[in-house]
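Encoded as structure tokens, the structure appears first; notes follow it.
Read the figures in this text as sums done on the coordinates, not as results from a lab. Keep in mind it's a predicted model, so treat the numbers as computed, not measured.
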Amino acid sequence: MPLLALVIATFGLGLEQLVQWRFGPMGIVALVLLSIGIKSRNSTCAGIGAVVLVLLIMRPGPG
């Protein structure tokens, strides 16, 4: 059981670092909103986080 918790925590931290590297601080805010919304079963908070992440992903690139 502790090994599984360690693997999940490592995966979560890795995902957080990837989002921060790719999308900056706004990506972290969106990820936090999404996770808080899911944990508290608040569809408004989760929806806002999901929409912000989608908008960051769909942002046109350079050129």
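Please report, in cubic angstrom per residue, the volume enclosed by the convex hull of the alpha-carbon atoms of the chain.
Residue-normalised Cα hull volume stands at 81 Å³.
Test of understanding: in a Gaussian network model of the chain with alpha carbons linked when under 10 Å, which of Gly27, Gly12, Gly49 would top the mean-square fluctuation ranking?
Gly12
Stretch Thr10-Leu56 to full length: gain in nm at 0.36 nm per residue minus the Cα-Cα span?
Extra length from Thr10 to Leu56 when fully extended: 14.2 nm.
On a 0 to 90 degree scale, rounded to 10, what angle separates helix 43-57 from the longest Cα axis of the chain?
60
Under a GNM of the chain (C-alpha, springs under 10 Å), which listed residue has the highest mean-square fluctuation: Leu34, Leu15, Leu53?
Largest GNM mean-square fluctuation: Leu15.
Skipping prolines and chain starts, which residues have an amide H placed within reach, meaning under 5 Å, of the one on Asn42, given they are 5 or more residues away or on another chain?
none
Nearest 10 degrees is fine. How inclined is helix 2-39 to the longest principal axis of the chain, computing both from alpha carbons?
Compared with the principal axis, the helix lies near 20 degrees.
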